[in-house]
Amino acid sequence: MKFGTKAIHAGVQPDPATGAIMTPIYQTSTYVQDGVGNHKGYEYSRTQNPTRHALEKNIAAIENGKYGACFGSGLAAIDCVIKMLNPGDEVISTNDLYGGSYRIFKTIFEKYGIVFHFVDMQNTSEVERVLTKNTKVIWVETPTNPMMNIIDIAAMSIIAKKTGALLCVDNTFATPYLQTPLDLGADIVMHSVTKYLGGHSDVIMGALVTSDENIATEMYRIQNSSGAVTGPMDSFLVLRGIKTLHLRMQRHCENGKKIARFLKSNARIEKVYWPGFEDHPNHTIAKQQMRGFGGMISFTLKGNNLEDALAIVKKVSLFALAESLGGVESLIGHPATMTHASIPKEVREKSGVVDSLIRLSVGVEDAEDLIEDLKQALN
Ligand SMILES: *Cc1c(COP(=O)(O)O)cnc(C)c1O
């Protein structure tokens with residue numbers, strides 16, 4: 001089955017009680033049993049809920065996986081993966097990881113004896129350098145935020161197999177429409193569903209997908225034991241959101257391309273970071289592992305002036321100044337003072353987050369209007 005058909009049909013069926021074509025919001029905590037142990041597969045909604053269950057099957061299907069699990073946030077999904085580990089186990093990840101992922105690794109899990117290494121994953125020898133027999137997880141994010149670096153998922157899978165480590169890919173930025181990590185050798189795919197899968201900036205949710213039965217058993221055991229599940233109302237909203245994921249992503253990609261080109265041609269812009277450009281350092285890998293380049297774009301200004309950047313993010317009117325990404329509406333952000341403000345200046349500048357860096361989450365409005373808005377703000 002092709003992507004758009006799966007997005008609309010996978011995991012859902014007419015409601016057996018009424019024939020309702022849309023999966024009902026089963027807003028219930030418990031389920032009545034005919035006799036002790038005699039139930040219909042649902043006992044208690046932390047463990048099982050029909051609306052969440054439909055969504056979990058749907059997300060698993062669009063990621064080309066077998067088992068899906070949904071959580072109360074992207075971070076709760078990450079929490080589940082790291083809870084599969086034991087003290088002394090090691091994790092290798094990227095040095096320009098999403099800030100919240102870095103924070104949970106360092107401030108929550110390090111004290112339980114899990115060891116984290118952060119390296120430049122664009123360079124596979126950097127990963128091999130810190131690989132030991134204790135390496136149990138390789139945690140990849142690609143494209144990265146906000147520098148839009150691309151990491152070679154298939155190359156990471158070969159390294160992970162050397163020590164039997166699990167390869168986990170945070171697929172939030174690309175979505176399964178553009179990239180399916182399980183097909184490239186990943187063991188687990190993670191999503192901040194909050195972003196493109198939900199797509200309408202109205203839900204906080206996370207998800208994991210795997211095709212491995214043993215990993216799935218652990219995943220569901222931790223999901224139920226730690227209890228960071230998502231609710232039926234939010235599951236319904238995301239089921240609805242995913243039905244248009246392929247349509248939205250097509251437009252995000254088209255608009256992204258038009259805006260990246262506009263920015264590149266503007267006299268005030270120093271550099272545009274977008275993996276679709278042939279001069280992007282990892283364009284070749286991006287082209288191999290992705291089916292399009294998405295609507296996330298970062299750029300810097302000539303002169304690299306903080307005041308200039310702050311003036312531009314204030315002057316736009318269609319682009320809303322906000323954190324987050326992946327919704328139908330366009331957002332603009334200033335990483336140095338917003339998402340990356342807690343990172344020391346020297347450290348963030350080393351990874352490219354300079355004072356004039358601006359990040360766009362290009363929405364699905366008409367590109368001409370978005371370009372007009374950027375044009376007037378840049379003048
Ligand atoms: C937002 C985000 C997360 C965290 O997800 P939440 O739903 O906010 O908990 C993780 N990874 C990436 C790449 C993100 O953009």
- line: Restricting to lysines and to Cα separations under 22 Å from Lys375, and discarding same-chain partners fewer than 8 apart, the set is Lys257, Lys258, Lys264, Lys271, Lys302, Lys314, Lys315
query: For the chain, modelled as a Gaussian network with Cα springs under 10 Å, which listed residue fluctuates most, Gly326, Gly185, Gly74?
result: Gly185
field: Summed side-chain charge close to Phe173 - residues other than Phe173 whose Cβ falls under 13 Å, Lys, Arg +1, Asp, Glu -1
entry: -1
statement: Relative contact order in percent for the stretch 245-378 (Cα pairs under 8 Å, 6+ apart) equals 29
- line: Reduced to Cα centres, the span from the stretch 212-253 to the stretch 78-146 in Å works out to 23
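With charges only on Cβ, +1 for K and R and -1 for D and E, what is the dipole size of the chain about its Cα centre, in debye, rounded to 20? Don't skip to the end; give the middle numbers.
Working: 38 positive and 40 negative charges, 41 e Å.
Using Cβ point charges on Lys, Arg, Asp and Glu, the chain gives about 200 debye.
Compute the Rg/Rh shape ratio of the stretch 11-242: radius of gyration over Kirkwood radius, all on alpha-carbon atoms. Let's see the in-between values first.
Details: Rg = 18.1 Å, Rh = 18.2 Å.
So for the stretch 11-242, dividing Rg by the Kirkwood Rh gives 0.99.
Glu278 to Asn224: FRET efficiency via 1/(1 + (r/R0)^6), r the Cβ-Cβ distance, R0 41 Å, to the nearest 0.05? Please list the in-between numbers first.
Working: r = 48 Å, r/R0 = 1.16.
Calculated transfer efficiency: 0.30.
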message: Please compute the length gained on full extension between Lys258 and Asn64, using 0.36 nm multiplied by the number of residues separating them and subtracting their Cα-Cα distance.
response: 66.8 nm
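Hey, any idea what % of the chain's accessible area is carbon plus sulfur with a 1.4 Å probe?
Working: 8670 of 16390 Å².
Reported share for carbon and sulfur atoms: 53 percent.
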task: For the stretch 245-378, give the magnitude of the charge dipole about the Cα centre (Cβ charges: +1 Lys/Arg, -1 Asp/Glu; no others), in debye to the nearest 20.
output: 340
- line: In whole Hz, the Karplus estimates of ³J(HN,Hα) for the stretch 142-148 (6.51, -1.76, 1.60; θ = phi - 60°; x where Gly or Pro) are 7, x, 8, 10, x, 7, 6
Most mobile of Lys57, Lys161, Lys136 in a GNM of the chain (Cα contacts under 10 Å): Lys161
- request: Compare Glu213, Glu329, Glu90 in a GNM of the chain, Cα atoms joined below 10 Å, and give the one with the largest fluctuation.
  value: Glu213
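With a probe of 1.4 Å, find how much accessible area the chain has per residue, and write the answer as a whole number in Å². Don't jump to the answer; show the numbers that get you there.
Numbers: 16390 Å² over 379 residues.
About 43 Å² of surface per residue is accessible.
When only C-alpha pairs under 8 Å and at least 6 residues apart count, what is the relative contact order of the chain, in percent? Mind dumping the intermediate values first?
On the way: 751 pairs, mean separation 63.8, N = 379.
Normalised by residue count, the contact order of the chain is 17 percent.
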- prompt: Does anyone have the angle between helix 232-242 and the longest principal axis of the chain? Alpha-carbon axes, 0 to 90°, nearest 10?
  reply: 50
With Cα atoms, 0 to 90° folded angle of helix 213-226 axis to the chain main axis: 90
query: With axes computed from alpha carbons, what is the tilt in degrees of helix 306-315 against the longest principal axis of the chain, rounded to the nearest 10 within 0 to 90?
result: 60
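For the stretch 68-189, what relative contact order do you get, as a whole percent, if you take Cα pairs closer than 8 Å and at least 6 residues apart? Could the numbers behind the result be given before it?
Numbers: 185 pairs, mean separation 26.8, N = 122.
Relative contact order of the stretch 68-189: 22 percent.
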query: Dipole of the stretch 72-181 (Lys/Arg Cβ +1, Asp/Glu Cβ -1, origin at the Cα centre): which of Leu178, Val137, Gly74 lies farthest to the positive side?
result: Val137
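The values are calculated or read from the model by the stated rules, or taken from the named source; none is laboratory data. None of these values were measured; they are calculated from a predicted model. So basically every Cβ, Gly included, is an ideal-geometry build from the backbone, and we count neighbours across all protein chains shown. Quick note on the areas: whole protein, heavy atoms, side chains included, nothing else; ligands and nucleic acids left out. Shrake-Rupley method; radii C 1.70, N 1.55, O 1.52, S 1.80 Å.
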